[in-house]
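Q: Quick one: structure below, then a few questions.
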Amino acid sequence: MKKVLSALVLMSGVAAFAPVGFAAAPVPEFTGGVVPSLAPMLANVTPGVVNIAVKGRVREQNPLLQDPFFRRFFNLPQGQQYQERETQAAGSGVIVDANAGYVLTNAHVVENATSITVTTKDNRKYPAKLVGRDAETDVAVLKIEPGHLSAVPLGDSDKLQVGDFVVAIGNPFELGQTVTSGIVSALGRSGLGIEGYEDFIQTDASINPGNSGGALVDLRGQLVGINTAIVAPGGGNVGIGFALPINMARRVMDQLIQYGEVKRGRIGVSIQDLTPDLAQAMNTNRTNGAVISQVEPGSAADHAGLKSGDLVVSANGMAVRDGAQLRNTIGLSRIGDLVKLVVDRGGSERAVEVKVEAALNASGKAGKIAPER
């Protein structure tokens, strides 16, 4: 802090004691002109960002109840090893459909919820129903009574570029609605161990506890992400925050609204990133893509003609960076969807369409789907 203050004093000193002949930079005047401001855009967007209050109950193990002497002394039943306690939590959400009353938020915000209350910017309170939640992507959809609601228009997160200006809106530390700004610091962040499916937008717009589920919007006021997590060694913002791309969240939301859960599929391959060593062994100059290391016999991938050693360079028209991106594309596709792949096989590109199928559980029947390995 002292270094910062010293620098500020020094700079003001240069301006105050400039020698003769030294022209200080003029202070810009906006008299009669237009002052740049995000206020008009925010006036349209902020009514669609809500606060979410959650009450819930969790079961916890009490160490004392695991002590045989303690249990015998107090004559406790043998099976009683857990105790329940009430919890309270707060987060943020975004109204994405004003006519139906749908609110998009994070799954972890409403985990173990027994009651959920949504509060709009003008302090109207609504009891909310949990339509569905998906822990693998950390997406949840709530429903409130429609009427006089304002929705945030959905943007296209696939069009984001590093350096684009973005604004985060949410309820940090239960202070009430707060707006912060920054840029897109990176795209396609994965391997963080936060969720099963990761393709995060990284931003330096301040995101703090309570911002989870809030809006990340572009300068057009379009929703491009759902604020989800931060790197916080000291418990607060350090300029590294992560948001779910809205295109991913929207695909999950559609399934949660239709089915109440996400019905994932697979194509039957094992995949890995294209590393420099693999690229050299495959005699390719490509630096991005996902390598198919194994194809399950009889799977959709096998029927489509995919082979071990194929390098997937595109999926549904989007360039594939790595294995995580391909896993996301397949894992977030609905069962029965056709995934259009472009593969490099021995230096020659070919287009392949693969039908996403349901995985088989231990009994040999279609069941809940795990992501591609």
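The values are calculated or read from the model by the stated rules, or taken from the named source; none is laboratory data. Quantities reported herein were computed from a predicted structural model and do not represent experimental measurements. Neighbour counts run over all protein chains shown; Cβ positions are idealised from the backbone, glycine included.
Q: I'd like to check something: does the range 318-330 contain any residue that is of a type in the set (A, V, I, L, M, F, W, C), out of contact with any Phe, Trp or Tyr (no Cβ under 8 Å at 6 or more places or on another chain), without any contact (Cβ under 8 Å) to a residue 12 or more places away in the chain and in a helix (DSSP H, G or I)?
A: no
Q: Could you tell me which residue of the range 173-211 is modelled with the highest pLDDT, considering only residues that are of a type in the set (Ser, Thr, Tyr) and in a loop (DSSP other than H, G, I, E, B)?
A: 206
Q: Same structure, new question: In this structure, does residue 317 turn out to be small (Gly, Ala, Ser), outside the structural domain of residue 196 (by TED's automatic domain parsing) and surrounded by fewer than 21 Cβ atoms within 10 Å (Cβ to Cβ)?
A: So residue 317 passes the test.
Q: Taking the stated definitions as given, is residue 194 out of contact with any Leu (no Cβ under 7 Å at 6 or more places or on another chain), aliphatic (A, V, I, L, M) and within 17 Å of residue 245 (Cα to Cα)?
A: Taking the combined requirement at face value, the residue satisfies it.
Q: How many of the residues making up the range 98-130 are in a strand (DSSP E or B), touching a helix residue (DSSP H, G or I) at 6+ places or on another chain (Cβ under 9 Å), touching a residue at least 24 places away in the same chain (Cβ under 8 Å) and farther than 15 Å from residue 171 by Cα?
A: Qualifying residue count for the region: 2.
Q: Does the range 338-352 contain at least one residue that is in contact with a strand residue (DSSP E or B) (Cβ under 9 Å, 6 or more places away or on another chain) and assigned to a loop (DSSP other than H, G, I, E, B)?
A: no
Q: Does the range 264-274 contain any residue that is crowded, with 23+ Cβ neighbours inside 10 Å, closer than 19 Å to residue 104 by Cα and not assigned by TED's automatic domain parsing to the domain that holds residue 331?
A: No: zero hits.
Q: While we're looking at this one, here's another question. Taking the range 137-159, which residues are over 20 Å from residue 48 (Cα atoms), in contact with a strand residue (DSSP E or B) (Cβ under 8 Å, 6 or more places away or on another chain) and surrounded by fewer than 23 Cβ atoms within 10 Å (Cβ to Cβ)?
A: Scanning the range 137-159 gives a single hit, 158.
Q: Let me ask another. Considering only residues that are more than 11 Å from residue 300 (Cβ to Cβ) and assigned to a strand (DSSP E or B), look in the range 353-373 and name the one that is modelled with the lowest pLDDT.
A: 366
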